[in-house]
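Step one of this worksheet: look at the structure below.
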Amino acid sequence: MDTRAVILQPAQVLAQLEPEFVPDCADFGREFSRHCFNLRNLLPLVPSGGSVLDVGAGAGVMAAALKACGAEVTVVDSWRPYTDEAAASGERFMHRMGSREKILGRFGRMGIPAHELDITAQPLPFPDASFDMVMLLAVIEHLPGSPRRVLEEARRVLKPGGIMVIEAPNIAALRNRLALLRGRSVHFAVDDWYRSEPFLGHYRELTRAELGQYVVWLGLKPLWLRTSNTAFHNTRRADGRYDRGFRLNSLFQWCKAAYLLLCLPFPGLRYQILLAARKPN
């Protein structure tokens, strides 16, 4: 596949992968536009045939997309929360990503090496300076303690001159500000926090400045920081699932459109933060 052409058409790459993920991964349609945003921004940073490590890969949508575009991708995660037993115990919001069996089977079919481990407790099983890019997409907000050890491990396996990419939700997003004005919490539902063991939601979301501070502490050179509301560019169906693409087919969708337009000129009000930084040579 010609990566130069793909850079302009990330939606086509993801659409070709859709049969691999649907219906097992219920979040594929819900997060389709977010994945397009990430792929569009990350592809120019990956050298031809470059090595990519996806830390906390989850269902592996971005790993599969980069693999389809010619990168050599390796994934690391603990897929225990994606088992049927975990879903039955209350970790239902993680089980929307699909089942452990199908996730690992998909990696096998695609030739993507998968290493199953707890990144919060175990070191990454790779030598120093192994990868051209290390991604932590929607990962650090799920870490129960400090992200320092995980981030330093990611830096360790990154080649000199390599790129680290971190994605995190913006706690200063407009939706959170509006929730606080109404006296509502900006955190996950308290019943998930109280009843789930272990809790796998967001422990700490970040501002843009806080995410940038991580890069400074790691000794990396920031390349860019971009924000997006593409996580909301979808359409909720009557059965509670989501279709990819935004349609004005309900009052909820009209309200969401107004919200998205209001955030458009204000990067600090958008929900998703994506940061890229380079490791010094």
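Quick note: the coordinates plus some simple rules give every number you see, no bench work behind them. Note that the coordinates shown come from a computational prediction; the quantities given were computed from them, not determined experimentally. All Cβ positions, glycine included, derive from the backbone under ideal geometry; neighbour counts span all protein chains shown.
Shown in residue order for the range 69-83 are the 3J(HN,Hα) couplings computed by the Karplus curve 6.51 cos²θ - 1.76 cosθ + 1.60 at θ = phi - 60°: 8, x, 7, 9, 10, 10, 10, 9, 5, 9, 8, 4, x, 9, 7 Hz (x for Gly and Pro).
Spacing of the modelled spin labels on Tyr203 and Ala257, each 7 Å from Cα toward Cβ, amounts to 4.1 nm. Here the calculated FRET efficiency for Ala121 and Val186, from their Cβ-Cβ distance with R0 = 35 Å, stands at 0.80, rounded to the nearest 0.05.
Peptides 179-187, 128-136 ranked from most to least packed, by the mean per-residue count of other Cβ atoms within 10 Å: 128-136, 179-187. Taking a straight Cα-Cα cut-off under 16 Å and skipping sequence neighbours fewer than 8 places away in the same chain, the aspartates and glutamates within cross-link reach of Lys102 are Glu18, Glu20, Asp24, Asp27, Asp77, Asp84, Glu85, Glu116.
Going from the fewest other Cβ atoms within 10 Å to the most, the residues Lys102, Lys279 appear in the order Lys102, Lys279. Seen from Glu31, the other residues with C-beta closer than 11 Å to its C-beta sum to a net charge of +3, counting Lys and Arg as +1 and Asp and Glu as -1. Here's the list of lysines a cross-link from Lys159 could span, going by alpha-carbon distance under 16 Å and ignoring same-chain residues fewer than 8 apart: Lys221, Lys279. For the range 192-199, putting each phi into the Karplus relation 6.51 cos²θ - 1.76 cosθ + 1.60 with θ = phi - 60° gives couplings of 5, 4, 6, 9, 7, 9, x, 7 Hz, in residue order, rounded to whole numbers and with x for Gly and Pro. Charge tally for Lys159 (other residues, Cβ to Cβ under 15 Å; Lys, Arg +1; Asp, Glu -1): +1.
Close amide H pairs (under 5 Å, H built 1.01 Å from N) link His115 with Val75, Val76, Asp77, residues at least 5 positions away or on another chain. Charged neighbours of Gly240, selected by a Cβ distance under 11 Å, balance to +4 (K, R count +1; D, E count -1). Enter the Cα centre distance for the pair the range 145-189 and the range 20-67, rounded to the nearest angstrom. The two parts, judged by their Cα centres, are 18 Å apart.
Each DSSP beta bridge with both residues in the range 3-278 is either parallel or antiparallel, and the antiparallel ones are about 50%.
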